[in-house]
Amino acid sequence: MRIQRPGSSPSRTQAAQTEPTVAQRNTVRSPATASSAAPARSSDAFESTTRATARAVTPGRTNAARNLPAEIPTGTRDYYRKRYDDFVRRNPGMKPPDYYLEYGQKYCDRFSSLGPKDLTPQGLEWRDRCLKALQEAIETRRMEDPVGFAQLERDPEAFKKFAYDSHPDAYVQSGLYNLPAQDLLKIGTTPDLKDLFTQDGVRQIFVALGKMRPGDVVDVARESAKEAWKDVKSTFTDLIKLPKLPW
């Protein structure tokens, strides 16, 4: 038997016997039983924190997304009604913009009801392009800044001004001044006077007229003459009946 001198260091064998192994160091003992449990995984804390964070954050994110204005397809006759319903869903108890139903939906219905007896084929094509362009102006604003759009909707007067200001570009870029005077007359007399002779209504008229170029006047005159000739030609054809030839 070997006697260890005082102050001397233990042998390598003794150190290996007394030093805990890596597995023992990583073993967690249950407080109740003080027995060894399964080795702790280094990712447990992170995973539990992540799950808790997800539970806390996800509902808020879901609610925020649900409260943003929804995307509504354009080029449809019920676009403004859907925008109205979307506002009501997101803002219970608040007044939606008057523009949606009292202007947008009203004139979408009114112009959509015009047919070949009211507008020329060019006029009907312009109507369809313009209705879509007016709706796309609203959707573009919503897409560019959803939060700002939601705030704009909560101010009916500011929203109406924004919508009216988008009208002249939609009218002109859809080809308003490529139409004959007959169409221009019908288009100009379709809205109610009370909607035209407001501050916003008068402003949109002057802005649209200001976008007319000298060449547009020539185009309107040319198309007007074509339509006038069609009317005269059909009238003469009805009045003058050629005799039937015997052969």
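The values are calculated or read from the model by the stated rules, or taken from the named source; none is laboratory data. Source: prediction; values computed, not measured. Cβ coordinates were reconstructed from backbone atoms using ideal geometry, including for glycine residues, and neighbour counts include every protein chain displayed. What goes into the accessible areas is simple: the full protein's heavy atoms, side chains included, and nothing from ligands, DNA or RNA. Shrake-Rupley method; radii C 1.70, N 1.55, O 1.52, S 1.80 Å.
A few points about this structure:
- Kirkwood radius, the stretch 83-141, all distinct C-alpha pairs, inverse of mean reciprocal distance: 13.0 Å.
- Here residue 186 sits with roughly 70 square angstrom of accessible surface, probe radius 1.4 Å.
- Separation of the residue 95 and residue 113 label points, Cα + 7 Å toward Cβ, nm: 2.7
- When 162, 87 are compared by accessible area at a 1.4 angstrom probe, the order from most to least is 162, 87.
- Rounded to the nearest 20, the size of the Cβ-charge dipole of the stretch 69-133 about its Cα centre is 60 debye, with Lys and Arg at +1 and Asp and Glu at -1.
- Rolling a 1.4 Å probe across all protein chains gives residue 190 an accessible area of roughly 20 Å².
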